[in-house]
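Scroll down for the structure; my scribbles are underneath it.
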Amino acid sequence: MEKIKIAVAGPRGRMGKEAVLLVHNTEHFELVAVIDRKNDGGNLQDVKGFENIPAPIFTDIKECLETVQADVLIDLTTPEFGMLHTVTALEHGVRPVVGTTGFTKEDLQKLQEMCEEKELGCIIAPNFALGAILMMKFSQMAAKYFTDVEIIEMHHDQKLDAPSGTAVKTAQLIQEVRESKQQGHPDEKETIPGARGANIDGMRIHSVRLPGLIAHQQVMFGADGQSLTIRHDSYNRESFMSGVKLAVENIMKIDMLVYGLENIIE
Ligand SMILES: NC(=O)c1ccc[n+]([C@@H]2O[C@H](COP(=O)([O-])OP(=O)(O)OC[C@H]3O[C@@H](n4cnc5c(N)ncnc54)[C@H](O)[C@@H]3O)[C@@H](O)[C@H]2O)c1
Ligand SMILES: O=C(O)C1=N[C@H](C(=O)O)CCC1
């Protein structure tokens, strides 16, 4: 089997490091480059923690993709650079697998158009953990019957974006089946701004940030005399890696934008 040539952006990050290890340890994957904020022109194997994992380091993604032949870019950086990297990859005929969160509706629209024009696959996955995908799907199922729902997402305190990509995606999946509805008392007033959380189509999203947490989400449904809670917890970042692997394997077979791993999991 021919190896899939992969560049990883954000290799020294919490997720990027796991992704580099995944690529390195997967027989049919080959790490051809990394895009980092420092060590331009150096080699990854000289960076502490990556001994024996050779790959040229670039700080400029354009230069990287013009120098090295890559099939796939795995992006695990920041909301600020995720879109730039994804667009640059598509411009260079490289398929992006993006875990970076913070993409807007407009970003997704633009990427969809680029994928169609270039006939290239691109996967934007707000959450790579299989359990989180199921949590979102189960929440969508439940929302058909329980229309009052609040999403509580809980993450580590180094997270840059709020609400989380997973919470936004969950609300969007629920929106597909739930009639638009303003929840709570029609006259409710926040005495402290933000007390009721973010509002997507009347659904509320609450973002908790605490040291010690990794990635957790609870979707709470309420009805007369009963409630239903659907919860997922990621206790480490390895929990995301089987989804990254699945996305890389699948992206070679698609020629469009896929937003959410639920679209490729059978
Ligand atoms: N989809 C998922 O399942 C999933 C899971 C965890 C995290 N995330 C998302 O992945 C992203 C990364 O999360 P993290 O916890 O690893 O963050 P992190 O801060 O640990 O890592 C981000 C890395 O990106 C690097 N970086 C920033 N700008 C860069 C640039 N221009 N070029 C190259 N590298 C650059 C930083 O130096 C850092 O090492 C976030 O957007 C987060 O929300 C997604
Ligand atoms: O650690 C993070 O940051 C995570 N972000 C994702 C999100 O925004 O939904 C998912 C899991 C971890």
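The values are calculated or read from the model by the stated rules, or taken from the named source; none is laboratory data. No experiment lies behind these values; they were computed from the predicted model shown. Note: ideal-geometry Cβ built from the backbone for every residue, glycine included; neighbour counts use all protein chains shown. What goes into the accessible areas is simple: the full protein's heavy atoms, side chains included, and nothing from ligands, DNA or RNA. Shrake-Rupley method; radii C 1.70, N 1.55, O 1.52, S 1.80 Å.
Things worth noting here:
- Hits in the stretch 123-162 - residues which are in contact with a His (Cβ under 8 Å, 6 or more places away or on another chain) and either within 22 Å of residue 247 (Cβ to Cβ) or in a helix (DSSP H, G or I) (or both): 129, 131, 132, 134, 135, 153, 155
- Among all residues of the stretch 78-95, there is at least one that is within 23 Å of residue 261 (Cβ to Cβ), among the basic types (Lys, Arg) and open to solvent by 40 Å² or more (accessible area, probe 1.4 Å).
- Subset of the stretch 118-136 (residues that are more than 16 Å from ligand 2 (Cβ to nearest atom) and either out of contact with any Leu (no Cβ under 9 Å at 6 or more places or on another chain) or open to solvent by less than 30 Å² (accessible area, probe 1.4 Å) (or both)): 119, 120, 121, 122
- Any hit, the stretch 173-188, residues being under 19 Å from residue 131 (Cα atoms) and either out of contact with any Phe, Trp or Tyr (no Cβ under 8 Å at 6 or more places or on another chain) or assigned to a loop (DSSP other than H, G, I, E, B) (or both): yes
- Considering the stretch 29-64, the residues that are more than 11 Å from ligand 1 (Cβ to nearest atom) and part of a strand (DSSP E or B) include one that is farthest from residue 250 (Cα to Cα), namely 43.
- The residue that is farthest from residue 161 (Cα to Cα), counting only those in the stretch 42-85 that are in contact with a strand residue (DSSP E or B) (Cβ under 8 Å, 6 or more places away or on another chain) and within 16 Å of ligand 2 (Cβ to nearest atom), is 74.
- Qualifying residue in the stretch 221-230 (condition: under 21 Å from the mean Cα position of the chain (by Cα) and in contact (Cβ under 8 Å) with a residue 60 or more places away in the chain): yes
- Answer from 224, 161 - the residue that is over 17 Å from residue 133 (Cα atoms) and open to solvent by 40 Å² or more (accessible area, probe 1.4 Å): 224
- Among residues of the stretch 169-193 that are on the phi > 0 side of the Ramachandran plot, those with a beta-carbon under 9 Å from a residue that is of a type outside the set (Val, Ile, Thr) at least six positions away or on a different chain give the pairs 184/148; 184/196; 184/202; 184/204.
- Within the stretch 175-189, not a single residue is under 25 Å from residue 246 (Cβ atoms) and open to solvent by less than 20 Å² (accessible area, probe 1.4 Å).
- When the test is whether a residue is within 16 Å of ligand 1 (Cβ to nearest atom), out of contact with any Pro (no Cβ under 6 Å at 6 or more places or on another chain) and more than 24 Å from residue 223 (Cα to Cα), residue 125 passes it.
- Leading residue by the ranking (least open to solvent (accessible area, probe 1.4 Å)) among those in the stretch 1-43 that are of a type in the set (Lys, Arg) and over 18 Å from residue 128 (Cα atoms): 5
- Pairs where the first residue, in the stretch 199-216, is open to solvent by 50 Å² or more (accessible area, probe 1.4 Å) and part of a strand (DSSP E or B) and the second is away from ligand 1 (no atom under 14 Å from the Cβ) and not hydrophobic (A, V, I, L, M, F, W, C), C-beta under 8 Å, 6+ apart: 207/197
- Screening the candidates 100, 77, 86 for the property of being modelled with pLDDT of 95 or more, outside any loop (DSSP other than H, G, I, E, B), under 15 Å from the mean Cα position of the chain (by Cα) and over 21 Å from residue 2 (Cα atoms) yields one hit, 86.
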